[in-house]
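The values are calculated or read from the model by the stated rules, or taken from the named source; none is laboratory data. These numbers were taken from a predicted model, which means no experiment stands behind them. Reconstructed Cβ throughout: ideal geometry from the backbone, glycine too, with neighbour counts over all protein chains shown.
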Amino acid sequence: MVICSGRSSRQVTAITEKLADKLKTELGVQAKLEGKNTGDWVLLDTGDVIVHVFRPEVREFYQLEKMWVPGADKDTPSS
């Protein structure tokens, strides 16, 4: 999994379009894109690798990086 940011919706969309094009032309890998219409968070799925491209505010909101932080769920109250 790759997580990165673009500075605007236009840049997020451009990053994913360019990456999908390069994967297809240079490696013959067909990627599926999700979320391209809004450009806030675009997911590019190659089957083996998933790339998440966010606008900074959206990346901060979802905080996917916390999935790899030991003890990150400490802030969550236990039941």
For segment 52-62, state whether one or more residues are out of contact with any Lys or Arg (no Cβ under 9 Å at 6 or more places or on another chain), of a type in the set (Asp, Glu), under 19 Å from ARG7 (Cβ atoms) and loosely packed, with under 12 Cβ neighbours inside 10 Å. yes
Determine, yes or no, whether VAL42 is of a type in the set (A, V, I, L, M), touching a Cys at 6+ places or on another chain (Cβ under 9 Å), at pLDDT 95 or above and not in a loop (DSSP other than H, G, I, E, B). no
Output the residue which, of all residues in segment 10-45 that are surrounded by fewer than 14 Cβ atoms within 10 Å (Cβ to Cβ), free of Cβ contacts under 8 Å to residues at least 24 places away in the same chain and polar (S, T, N, Q), is farthest from GLU60 (Cα to Cα). THR25
Count of residues meeting criterion [closer than 15 Å to LEU64 by Cβ and of a type in the set (Gly, Ala, Ser)] in segment 23-45: 1
For segment 46-61, the count of residues that are on the phi > 0 side of the Ramachandran plot and among the polar types (S, T, N, Q) equals 0
